Each structure stands twice: as C-alpha cells, then as structure tokens.
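The values are calculated or read from the model by the stated rules, or taken from the named source; none is laboratory data. This is a predicted model, so every value here is computed, not measured. All Cβ positions, even for glycine, are placed from backbone atoms using ideal geometry, and neighbour counts span all protein chains on display.
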Amino acid sequence: MNFDPEQRLPKAAIIGSFRKHYKEVVDAALKFESSSISVLSPPVSRIVDPKANFVRFETDALDSTDHQIQTETFARIFKSDFVYVVTPGDTSAAPRALNSVGFWSVESLSSTQRSQMISRSRSPRSQSAASMSLSFECEPSRFAAVFAVERSSRMSVGIPEQPHSAMIEYPRLTADLVVLTIRDDRLKVLLVVRGRQPFKGRLALPGGFLEHGESLEETAARELFEETGLDADRLHLKPTGIYSDPERDPRSRVITVSYLAIAPNLEMPSPGDEILSTDWYEVDDDLYMNLAFDHARILEDALEQARALLEQTSIGTTFCKEPFTISELRRVYEIIMDIQWNQGNFQNKVLGIEGFLEYSGEKGSKGPGRPGKLYRAGPVRKLNGLMKRPKTAGTLVEG
C-alpha cells in the first residue's frame, strides 16, 4: 500500500507488561514501523533491568527519575492516535471494534486495518473515538483508569490533548521502619545506604513500596528482610505515623506509614541487592543531618514513641539478661530516654511498682562495689506511665 509522505502518518503507543511480554512489544513496534505507522511509546530498545521496580530502557537518560520517565511516557501516549495493548494469549479483554481507539493483534494487522488507522488519524477527533476500553497487565494498574478516563474525556468534549502533567496523579504507598536496639552501651538504629536514586549513597531507614496483594505490615516485613536480612517475625512492628507531605519524595507523590520495632540482641544486618551497605548507627544529633527524605522526622517521632513504651510498659527489662541488678535496668532507661536517673530514686520507683520486678534471692555485681540484689522481670507488663521521664533530655532525675 502506498503512503503519501506529504500527509501526516499515524502515531501509535504500545502498552503492555514489558517484563512478561517484551518480545511481543518489540514485534508490534517493528510491524508498525514497517507499515509506516510511527511508534511513540515505548522506544524500541533493550530493557536495562527486568527485575527493577520500574522498567527502564537503554534510551532513557541515566539521570532521569522514575517520575520523569512516567511523565514523558504519558506525554507520548497523549500524542498518539492509537493504542496497541499487548495481551498475548488473552485478547478477550481488549476492544474489538475498529471504531474504538484500540487493539489489533500483530499477526492479523491487515492492510485494510492499516488504511483505516491512517484515515482516522487524519480525521478530526469525534465523539465515537471516546468509546475506549483498555486492558492493562502492567503495574501500577491505577494508570489504566487514569489514562482511559483522561483521554476519553478530552476526546468527547473536543479539548486538545495535553501532556501528562495535566493528569491527576494518585499517590503511591510505602512502609518505612525504625528498628532500635542497644549495642555497645549506646542506642542504635538500623539504617541502609541507598544504592539508587534519589539520594543514592545517603543513609535512610529501610523500607519500600507496597506491592499488589500486600498489606502495609507485609510490605514492612518484606522490605526489612530484603534490605537488611533481619526477620520481622521476631519483632513486634508497631505503626507509629503517617507522612504525606507532597514534597517528601522527589520522584512522585508518596505517602508512607512508619513502623517501630525496639528489641534487644538483634543481629548484624546484611545488605540486599539494591543496598550499598547496612549497619547499626548511634542515634545522635549528627545522624539526623545525614538522613535521606524526611527520615529524620520519622526517626525522631518513632524515638519518642519508643520512650513512651518505656513509660507505659515493662519492655525495658527485656534488654537485661536475667538475673540483673537495678543499676543495669537503670542504664537501659538512661540510654533510651537520654537522661541521667538518680540511683536511689530510680530504685525506689521500680521497687514501688507492684509486679514490675521480682527478687531472685541472689546477689551479684558486674563491676566494682558491693554486690547488689538480682532481679527478674515480674508478671506486670503495663506500667500506666509510672516510669514517666522529664521533658528535657539529659536531665538528672531526682524522683
């Protein structure tokens, strides 16, 4: 079939699961190109990393963020005349009528159909073109609805198509973890060194994006294991906050839920595939200045909740190897609460809480001085704020 080079050729966008059906995507693109139908999306180039969370092609700029690539992709889609949806083995969900913006199998793309595509691409947008149905296999599936509604509404009212920046952007969800322990007589937090942009090479809390079919608690547990090798089954993950500042993530709108875990005797972590390193870091003022995203705020909020746990529960005793002295328990409270507690008053306070501690009948000492009584954790788990700390850190608590 002959095409007039003076007239504009139709433009097609190809959509599908590039990880699952990359060969079919390339075959479709080549067939369109050979039929003088321009392919705007995606570019026909090799996928850089099929296992990555977001598919990137060799033609994508190395310094482009995922959000920038999404924006460019949808800008190309909105400039297209036709959308080809790759759904190998299941074409039942794809539109069949030729009067819809739509779908043709690569194998059955006849010269007649190509002619109709070219003819319609040169015609003004009409109400009939708005009857569009799309079948998406790729994640995130939310784009299927956004794309269909946005494109159809512009066609039906005759509004010129606009780039992706005019679209409604739905937020993505993540889970971030604050895991605290005491190591080397210091309060430590589990951090990772990011291996990818944004904030590549910066310290960050472990965490990541919610995946299809997961709860946020499952996301937190999965990300903890994938990034640090720690098993969440031995931890109690407590949700501590929701962070929704529109500018908190430079990639796109991301809302995160933070989870706190505080436990003794946690092992050394090991980095996952996308993590440069992971380790326990001492919680101090300098650390807050070096954290990526808004993780300094998340850590600060979680630390306040960890201190509240010591006020309200007997979790402090879990950091002491039984039997223990009251001095050992006091040191736990001082480290986590960032205070100095008067020895006599601390002893009176903990012994005055019925069921908090039980005397073991033994005496012992792990340092100089007279042997002291050794205790075990009592049956009481809720302290109802009886171990309340002062508001000012570093204060000597007299009572």
### Query
Any idea how many residues of the stretch 316-342 are surrounded by 20 or more Cβ atoms within 10 Å (Cβ to Cβ) and under 31 Å from the mean Cα position of the chain (by Cα)?
4
### Query
Looking only at residues in the stretch 265-278 that are exposed (fewer than 15 other Cβ atoms within 10 Å of the Cβ) and in contact with a helix residue (DSSP H, G or I) (Cβ under 9 Å, 6 or more places away or on another chain), which one is nearest to ARG251 (Cα to Cα)?
ASP273
### Summary
Of ASN345, ASN384, the only residue that is under 44 Å from the mean Cα position of the chain (by Cα) and modelled with pLDDT under 95 is ASN384
### Query
Quick one: would you say LEU191 is crowded, with 19+ Cβ neighbours inside 10 Å, at pLDDT 90 or above and not in a loop (DSSP other than H, G, I, E, B)?
yes
### Message
Conditions first: (1) surrounded by 16 or more Cβ atoms within 10 Å (Cβ to Cβ); (2) free of Cβ contacts under 8 Å to residues at least 40 places away in the same chain. ASP233 passes all but one, so which condition is the exception?
### Response
(1)
#### Entry: Of all residues in the stretch 279-303 being of a type in the set (D, E, K, R) and either in a loop (DSSP other than H, G, I, E, B) or touching a helix residue (DSSP H, G or I) at 6+ places or on another chain (Cβ under 6 Å) (or both), the one that is farthest from GLU334 (Cα to Cα)
ASP294
### Query
modelled with pLDDT under 95 and within 29 Å of PRO198 (Cα to Cα): does that describe SER327?
no
### Query
Somewhere in the stretch 209-222, is a residue assigned to a strand (DSSP E or B) and either modelled with pLDDT of 95 or more or assigned by TED's automatic domain parsing to the domain that holds GLU267 (or both)?
yes
#### Entry: Complete set of residues in the stretch 239-288 that are under 17 Å from the mean Cα position of the chain (by Cα) and of a type in the set (D, E, K, R)
ASP245, GLU247, ARG248, ASP249, ARG251, ARG253, ASP273, GLU274
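The rows are residues; the columns are (1) without any contact (Cβ under 8 Å) to a residue 40 or more places away in the chain; (2) out of contact with any Leu (no Cβ under 7 Å at 6 or more places or on another chain); (3) assigned to a helix (DSSP H, G or I).
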site	(1), (2), (3)
THR317	no, no, yes
LYS321	yes, yes, no
GLU334	yes, yes, yes
GLY344	yes, yes, yes
GLN347	yes, yes, yes
SER360	yes, no, no
### Task
Answer yes or no as to whether LEU291 is under 17 Å from the mean Cα position of the chain (by Cα), modelled with pLDDT of 95 or more and buried (at least 19 other Cβ atoms within 10 Å of the Cβ).
yes
